[in-house]
Structures are given as C-alpha cells and as structure tokens.
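Have a look at the structure below before the remarks.
What follows draws every value from the coordinates through simple rules; no lab data is involved. For clarity, every value in this text was computed on a predicted model and none was experimentally measured. Positions of Cβ are backbone-derived with ideal geometry, glycine not excepted, and every protein chain shown enters the neighbour counts.
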Amino acid sequence: MRVIICDDDKVALEKLRKEVVAYIDEYVSDESNDVKTFLNALELCNYAENGKMRPDVVIMDINIDETGKVDGIDIAKEFVTSDYCDKFIFCTGKSSMQERLFDVNPIYTIIKPIRKSSVYNALDKARKFIEKEKDKIVSIKAIDSIYRIPLREIRYAESQGRYVKIHTTKDEIVTIDKLSNILEKFGKDFIQSHKSYIINLEKIRYYNGSKCCLRDGTEIQVSRKFKNNVKEALLDIL
C-alpha cells in the first residue's frame with residue numbers, strides 16, 4: 001500500500017505516520033509498501049507534479065494551508081482531475097464540512113484528535129477499494145500489440161467506424177471491434193451514453209441531462225436513448 005500523508009501539525013503528522021506504518025506492517029504484505037509525509041500543501045503538490053510515487057491513498061488535513069487560499073479538498077479535486085489519486089482520507093477538527101466533502105467523495109473522515117481505531121478503520125476501507133481495483137484488468141488487442149489495462153485507468157471509449165478508440169489516463173489505444181463487445185468486456189463499471197460512447201462511471205464528475213463531464217474536463221454527449229440508463233447508473237453508485 002502506497003500512502004501519502006500531509007498535515008501541517010508535526011505532532012499529528014507523526015501520529016498518523018506511526019499508525020499507518022503499524023497498520024501496513026500488520027495487515028499489508030506488499031513489496032511496494034511506502035509511506036511519504038509532507039508538512040505543507042506546497043511540498044505535496046510539487047511532489048505530485050514531478051510525477052513521483054503515485055499513491056493508493058492520500059491522508060490529508062482539510063485545513064492544510066495556513067494562508068487559507070486552498071484547503072485539502074481543493075488539492076484533492078486537483079489530484080482527481082489529473083488522475084494522480086482518487087482515494088482520500090481527510091483529517092479535521094470540525095464535523096461541518098460534509099457538503100464540500102461530497103465533491104471528492106472521501107473514503108473516510110477522521111475527526112481529531114487522531115485515534116488508532118479511526119486510522120485503522122479508514123485504512124481498512126481504503127484497502128478494500130484498492131484490492132477490488134487490482135483484480136480488474138482487461139486485455140485489448142490493438143492493431144500491433146496486446147495491452148493489459150487496469151479498468152480504473154480507462155476514461156471512455158468511442159466508436160469510429162470499424163474501430164474503437166479507448167482513452168486511458170496515459171494514452172489512446174485503437175482496436176478493431178464493436179462498441180457493444182467492448183462494453184461487455186469492461187463490465188458494470190461502464191455505461192453507454194450514446195451509440196458512439198461508453199464511459200467509466202468512476203470518471204464522471206457530473207451529468208446534466210445532455211452530457212457527462214469527466215474529471216479531466218472532457219465532455220461526452222448523452223443521447224435521449226441512453227439518458228435514463230446513465231442517470232440510474234450514477235444514482236446506484238452514490
């Protein structure tokens with residue numbers, strides 16, 4: 001489990017680090033285990049921008065910036081948009097942030113003071129999400145190669161005549177196939193929005209009745225035929 005922790009309170013940061021390391025040592029057997037800590041938002045954002053370790057989960061104090069210009073929720077939104085990370089555990093001394101937290105749908109919110117039980121409960125939930133995603137890999141036969149792609153990296157796919165172009169967080173893959181076959185292969189985490197498009201439900205930021213806007217700003221048309229299907233699928237994952 002790769003974890004990033006960011007808190008401007010040194011005592012809280014060290015407490016979190018110790019509990020996370022203890023949890024990983026006890027429950028997670030993986031050579032890629034790693035825990036990075038940051039005392040301020042700038043250091044964390046610079047680290048992310050430089051393309052360093054991509055975390056499985058980020059644990060972050062909501063009130064991370066002393067200037068008040070940004071907070072942990074703003075940083076989380078940016079990480080989601082850039083596909084750096086989409087799993088967050090927030091720490092806060094307040095319990096009145098629920099409306100804004102909905103924007104990034106955190107795994108867990110730890111109310112300070114930090115307790116071992118809260119950290120372990122949060123990491124239990126995070127580990128379930130991570131293990132579930134690790135099992136979801138599809139093979140795509142492109143024109144010149146065969147790709148094995150984690151479903152979480154696929155944003156959407158579009159039909160282009162005899163071809164289907166699959167848009168991932170890293171590149172684009174073109175295969176000769178029908179969109180219906182691709183949808184069947186991808187499974188229930190994807191929805192058809194139009195005769196030419198299928199979308200990863202987890203990548204949708206919002207749906208306004210005529211289009212889906214993805215986390216990276218891409219807008220995908222929703223036709224009248226698939227309108228209700230998209231709405232119902234999104235409601236099912238709330």
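Observations, loosely collected:
- Nearest-ten-degree value, helix 116-134 long axis tilted from longest Cα axis of the chain: 20
- With contacts taken as Cα pairs under 8 Å at a separation of at least 6 residues, segment 67-222 carries a relative contact order of 14 percent.
- For segment 202-208, Karplus couplings with θ = phi - 60° (6.51, -1.76, 1.60), whole Hz, Gly/Pro x: 6, 8, 7, 7, 7, 10, 10
- Normalised by 2.2 N^0.38 Å, where N is the number of residues, the C-alpha radius of gyration of segment 139-233 stands at 1.01.
- DSSP bridge analysis restricted to the chain gives an antiparallel fraction near 65%, rounded to the nearest 5.
- Inter-centroid distance (Cα atoms) of segment 127-203 relative to segment 76-92, Å: 23
- Calculated FRET efficiency for the pair residue 49/residue 225, C-beta based, R₀ 45 Å, to 0.05: 0.65
- Evaluated on the chain, the Kirkwood hydrodynamic radius is 19.3 Å, with distances taken between all distinct Cα atoms.
- Acute angle (nearest 10 degrees) that the helix 72-81 long axis makes with the longest principal axis of the chain, alpha-carbon atoms: 30
- Sequence-separation-based contact order of segment 149-236, relative, with Cα cut under 8 Å and 6+ spacing, percent: 21
- Net charge contributed by nearby residues that have their C-beta within less than 12 Å of residue 208 (K/R +1, D/E -1): +3
- Anchor residue 132: lysines whose Cα lies under 20 Å away (excluding residues fewer than 8 positions away in-chain): 87, 185, 188, 203
- Pairs from the list 170/225; 52/77; 77/112; 134/227 with a Cα-Cα gap above 27 Å: 170/225; 134/227.
- Helix 10-27 and the long axis of the chain differ in direction by around 60°, with both axes built from C-alpha atoms.
- Using θ = phi - 60° and Karplus 6.51 cos²θ - 1.76 cosθ + 1.60, couplings along segment 4-9 (whole Hz; Gly, Pro as x): 10, 10, 9, 7, 7, 9
- For the chain, the Cβ-based charge dipole about the Cα centre amounts to some 960 debye (Lys, Arg positive; Asp, Glu negative; other atoms uncharged).
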